[in-house]
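The values are calculated or read from the model by the stated rules, or taken from the named source; none is laboratory data. Computed from a predicted model, the values in this text were never measured in an experiment. Positions of Cβ are backbone-derived with ideal geometry, glycine not excepted, and every protein chain shown enters the neighbour counts. The area values use the complete protein model at the heavy-atom level, side chains included, leaving out ligands, DNA and RNA. Shrake-Rupley method; radii C 1.70, N 1.55, O 1.52, S 1.80 Å.
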Amino acid sequence: DAGITQSPRHKVTETGTPVTLRCHQTENHRYMYWYRQDPGHGLRLIHYSYGVKDTDKGEVSDGYSVSRSKTEDFLLTLESATSSQTSVYFCAISREGSSNSPLHFGNGTRLTVT
Amino acid sequence: QQQVKQSPQSLIVQKGGISIINCAYENTAFDYFPWYQQFPGKGPALLIAIRPDVSEKKEGRFTISFNKSAKQFSLHIMDSQPGDSATYFCAASGADSGYALNFGKGTSLLVTP
């Protein structure tokens, strides 16, 4: 899986609680991405990072924040989880932001907000 | 707003048949068009990709056809096998968003023995 570890793999949390998901890579790739996958919606981009401390919003960024203090780690935080954030979250990495550098995905974190 | 539209949602093909999945896009700045394959419990994995300077790309049993003027591209799986049963996603990206992929909603393919 291209040296990508997502943790935890499964999490159940209550509405209103903060949640942080972690993506760790061993490939030293510059670009990292967070997507969510929901039935009928495919994969939608939440945030992405193009370097340490450099991040940008994606299509569905409301309610999420990210941080990247080291090349290898990209954290996704739900400040106050809601039931609509129940989803499978995928991290992806890319060596560079170009068509010569495909995205490789981790195996996902299944988050349930009750 | 879905930037990439994919059809059909689901597809059943007999072993040995041809599976065809279609996608359309609007953003003319897109210049990279990959297809991803996903098995249950796993992340999507890159299957094959094409750039708009060619009209077709073939890798083994998998072929992408690309029509730049129509802003459409399709995946053909020849001699489909039960092991090809998975969800397939088309995607598109460009330089304006760090090559973050815009995905179609996916096609669930079942290849029957």
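Taking the Cα centre as origin and putting +1 on Lys and Arg beta-carbons and -1 on Asp and Glu beta-carbons, what dipole magnitude results for the protein assembly as shown, to the nearest 20 debye?
280 debye
How many nm separate the modelled label positions at B:GLN3 and B:ARG51, each set 7 Å beyond the Cα in the direction of the Cβ?
The two pseudo-label positions are separated by 1.9 nm.
Going 7 Å from the Cα of B:ILE20 in the Cα-to-Cβ direction, what parts of the range B:39-70 have a backbone nitrogen less than 14 Å from that spot?
B:63-67
Once you have the alpha carbon radius of gyration of the protein assembly as shown, what is it after dividing by 2.2 N^0.38 Å, with N set to its residue count? List each step's numbers first, then the result.
Numbers: Rg = 17.4 Å, N = 227, 2.2 N^0.38 = 17.3 Å.
Against the compact-globule rule of thumb, the ratio is 1.01.
With just the Cα atoms defining each centre, how far is the range B:1-63 from the range A:13-82? Give it in Å.
25 Å
Please list the non-local residues whose amide H lies under 5 Å from the amide H of A:SER99, H modeled 1.01 Å from N, same-chain partners needing a gap of 5 or more.
So A:SER99 has HN proximity to no qualifying residue.
Take the Cα atoms of chain B, find their three principal axes, and give me the spread along each one in whole Å, biggest first.
Computed over the Cα atoms, the extents are 43, 29, 20 Å.
Near B:LYS57, which lysines are there with a Cα under 17 Å away, not counting those fewer than 8 places off in the same chain?
B:LYS68, B:LYS71
Rounded to the nearest 100 Å², what is the sum over both chains of accessible area buried where B meets A, with a probe of 1.4 Å?
1700 Å²
With θ set to phi - 60° and the Karplus curve 6.51 cos²θ - 1.76 cosθ + 1.60, what are the ³J(HN,Hα) couplings of the range B:89-95 in order, to the nearest whole Hz, using x for Gly and Pro?
Ordered by residue, 3J(HN,Hα) equals 10, 8, 8, 8, 8, x, 5 Hz.
Probe 1.4 Å, all protein chains in place: accessible area of A:TRP34 in Å², nearest 10?
0 Å²
For B:LYS58, go through the aspartates and glutamates and keep the ones whose alpha-carbon is under 14 Å away, minus same-chain ones fewer than eight residues off.
Output for B:LYS58: B:ASP79.
Suppose every K and R has +1 on its Cβ and every D and E has -1 on its Cβ; what is the size of the dipole of chain A about the Cα centre, in Debye to the nearest 20?
Approximately 140 debye in magnitude.
Percent relative contact order of the range B:4-112, based on C-alpha pairs within less than 8 angstrom and at least six residues apart?
38 percent
Enumerate the whole-percent occupancy of each 5 Å bin, from 0 to the last occupied one, for all C-alpha pair distances of the range A:24-105.
Calculated over all Cα pairs of the range A:24-105, the distribution is 3, 15, 27, 25, 17, 9, 3, 0 percent.
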